[in-house]
Amino acid sequence: MIEPSVPRSHPRYLSLKLREAVAEGLDRGLVARAGLIAHGRGEAFDYLLGETTTPEAEEAERAAAALLFLAERPVISVNGNASVLAREPLAELAQAVGAPIEINLFYRTDERVGNLAAFWEEAGIEPLGVEPDALIPGLDHARGSCSREGIFAADVVLVPLEDGDRTQALKAMGKRVVSIDLNPLSRTALASDVTVVDNLVRAVPAILASYRGLSVKDGPERALATIQGYDNRSVLRRVLARIAERLTKEADRTLG
Ligand code: PTJ
């Protein structure tokens, strides 16, 4: 079905374009059906945050860049939603960091993995995870499948838009997990070392910019200081406080 394209003048242009990208991803066999629901949940949280990158998200984005900068074997894990929403910035980040992209799906089917691999190849990336040869302990076979040289051996894993179980399982393997999740109360958010509560489409370019800023002489010292001064629980607390304050102000403004 051909849907009319969103007019640029529409006040919710960007949000509607992202929705279109996810829906199109479903039609192309890249996004899981549940990916549409996950996207809607993300939209709702983004709305509560004012659809903007908060100072807390900026702080987390700097910490994410620092962790990736100091990592010995960083890996960027991608699912259907992340692929269709942010393929180009994720590819750029992977290149800058020197990290492989690994396809790691919650709803894994050979067909979707094949479609996603071709999608990443179009962007010049040879993804890992197509023929998994290792298992993340504690997850069932389909969901725990991963690449031995990728996620299995990684010390830092960036997981945009992940499900809670997998983040907990990666933590149990001793890895540092950086997640991008608009829901500050999700299990992923709570289990991660660094939780970037921001829309993936804003967060990835911000992490990349921060990463590039570390490519200077004292980059390692600055990255270390950033991580040492970072407290994820405090950041999550402040995000929640920001949402609460914003809602109170909005109620006063619109309802009197
Ligand atoms: O492609 P697959 O098979 O791996 O499946 C992927 C989904 C997303 C369907 C699967 O991992 C899933 O069900 O995820 P959840 O448990 O719904 O979690 C998705 C989280 O991502 C929610 O907390 C959303 O708020 C958040 N989210 C959604 N869209 C965005 C987002 N966070 C950041 N940026 C977004 N654009």
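The values are calculated or read from the model by the stated rules, or taken from the named source; none is laboratory data. Remember, it's a predicted structure, so these values are computed and weren't measured experimentally. Note that each Cβ is placed from the backbone with ideal geometry, even for glycine, and that neighbours are counted across all protein chains shown.
Summed over the stretch 168-191, the residues that are of a type in the set (Gly, Ala, Ser) and within 12 Å of the ligand (Cβ to nearest atom) give a count of 3.
Considering Ala64, Ala34, the condition of being modelled with pLDDT of 95 or more, within 11 Å of the ligand (Cβ to nearest atom) and either of a type outside the set (Phe, Trp, Tyr) or part of a helix (DSSP H, G or I) (or both) is satisfied by Ala34 alone.
Is it true that Asn232 is near the ligand (Cβ under 10 Å from one of its atoms), under 16 Å from Glu58 (Cα atoms) and either in contact (Cβ under 8 Å) with a residue 12 or more places away in the chain or not small (Gly, Ala, Ser) (or both)? No; evaluated as a whole, the condition is false for this residue. Name the residues in the stretch 92-111 that are assigned to a helix (DSSP H, G or I) and in contact with a strand residue (DSSP E or B) (Cβ under 6 Å, 6 or more places away or on another chain), would you? Once the filter is applied, which keeps residues that are assigned to a helix (DSSP H, G or I) and in contact with a strand residue (DSSP E or B) (Cβ under 6 Å, 6 or more places away or on another chain), the stretch 92-111 yields Ala94, Val97.
Residues in the stretch 138-156 that are away from the ligand (no atom under 14 Å from the Cβ) and at pLDDT 95 or above: Ser147, Arg148, Glu149, Gly150, Phe152, Ala153, Ala154, Asp155, Val156. When the residues of the stretch 45-61 are filtered to those that are over 18 Å from Tyr13 (Cβ atoms) and of a type in the set (Gly, Ala, Ser), the one that is farthest from the ligand (Cβ to nearest atom) is Ala60. Residues in the stretch 201-218 that are in a helix (DSSP H, G or I) and either within 16 Å of the ligand (Cβ to nearest atom) or buried (at least 16 other Cβ atoms within 10 Å of the Cβ) (or both): Val201, Arg202, Ala203, Val204, Pro205, Ala206, Ile207, Leu208, Ser210, Tyr211.
Examine the stretch 229-238 for a residue that is touching a Lys or Arg at 6+ places or on another chain (Cβ under 8 Å) and among the β-branched types (Val, Ile, Thr), and state whether such a residue exists. Within the stretch 229-238, none of the residues are touching a Lys or Arg at 6+ places or on another chain (Cβ under 8 Å) and among the β-branched types (Val, Ile, Thr). The condition of being of a type in the set (Gly, Ala, Ser), in contact with a Gly (Cβ under 6 Å, 6 or more places away or on another chain) and farther than 14 Å from Ile207 by Cβ holds for only one of Ala38, Ala32, Ala21, that being Ala32.
The one condition from (1) within 16 Å of the ligand (Cβ to nearest atom); (2) free of Cβ contacts under 8 Å to residues at least 12 places away in the same chain; (3) farther than 28 Å from Glu43 by Cα that Ala118 does not meet is (3). Does Gly164 satisfy being within 13 Å of the ligand (Cβ to nearest atom), closer than 29 Å to Ala66 by Cβ, at pLDDT below 95 and buried (at least 18 other Cβ atoms within 10 Å of the Cβ)? Judged against the criteria, Gly164 is not a match.
Taken over the stretch 67-93, residues that are farther than 30 Å from Arg237 by Cβ and either crowded, with 24+ Cβ neighbours inside 10 Å or within 16 Å of the ligand (Cβ to nearest atom) (or both) amount to 5. Taking first residues from the stretch 141-163 that are in contact (Cβ under 8 Å) with a residue 40 or more places away in the chain and on the phi < 0 side of the Ramachandran plot and partners that are part of a loop (DSSP other than H, G, I, E, B) and acidic (Asp, Glu), the Cβ contacts under 6 Å between residues at least 6 apart in sequence or on separate chains come to Asp155/Glu72. Taking the listed residues Gly124, Gly114, Gly138, the one that is more than 26 Å from Ala172 (Cβ to Cβ) and in a loop (DSSP other than H, G, I, E, B) is Gly124, with no other qualifying. Looking at the structure I just gave you, is Ile103 farther than 24 Å from Leu185 by Cα and crowded, with 22+ Cβ neighbours inside 10 Å? Answer is yes for this residue.
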